[in-house]
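Nothing in this text is a laboratory measurement; each read-out follows from the coordinates by a stated rule. Predicted model only: the values in this text are computed from it and were never measured. We place every Cβ from the backbone using ideal geometry, glycine too, and count neighbours over all the protein chains shown.
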């Protein structure tokens, strides 16, 4: 399977994950919109990869991002967001999901570890109970304060009005 292809088929993704696990690889999963990629994202994904051998990113579809973030989002298309993620050494698979949460992906792929950034509470993490019952781990990683897609967009808008 081409790891640099944006996956939409959960069955194909599951086959790849099962193969990794048969090889003894520890599989880490995270998810997000990754609309305007920034230093906080880069640090977060590098830290996530350090928790295992393979990193899967569940990427919100365009319609999902719009529902979560409002009109005017995403700034970048699904394909462009996936291309940025694929360019990172830390990312082994990008799979798109359109549902409100990544729960279906988590229960299909059954990663060994699920992670979110420091702006989340572990108690609120989607899939926490499922992964823990399956013998996996749930982690909250560090957070780069003040760096967010929303802040970057606001700064760009402010600068464009100053010109």
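For the chain, calculate the relative contact order in percent as a whole number, restricting contacts to Cα pairs under 8 Å that are 6 or more residues apart.
Dividing the mean separation by the residue count of the chain yields 27 percent.
Give me the distance in nm between label points sitting 7 Å out from Cα along the Cα-to-Cβ direction at residue 50 and residue 15, one decimal.
Taking the two extended label points, one gets 3.5 nm.
Which one, [x] 9.6; [y] 17.1; [z] 24.2, gives mean projected area of the Cα convex hull in nm² as derived from the coordinates shown?
[x]
Any chance you could run the full-extension gain for residue 42 through residue 140? It's 0.36 nm times the residue separation minus the Cα-Cα distance, nm to one decimal.
Going from the current span to full extension adds 33.7 nm.
Between residue 66 and residue 160, how many nm apart are label points set 7 Å from Cα along the C-beta direction?
That separation, rounded to one decimal, is 1.8 nm.
Helix-derived [θ] at 222 nm for the chain: sum -39500 (n - 2.57) over DSSP H runs of at least 4, divide by residue count, nearest 500?
Theoretical 222 nm ellipticity from helices: -12000 deg cm²/dmol.
How much length is gained on full extension from residue 104 to residue 119, taking 0.36 nm per residue of separation minus their Cα-Cα distance?
Contour length minus Cα-Cα distance gives 3.2 nm.
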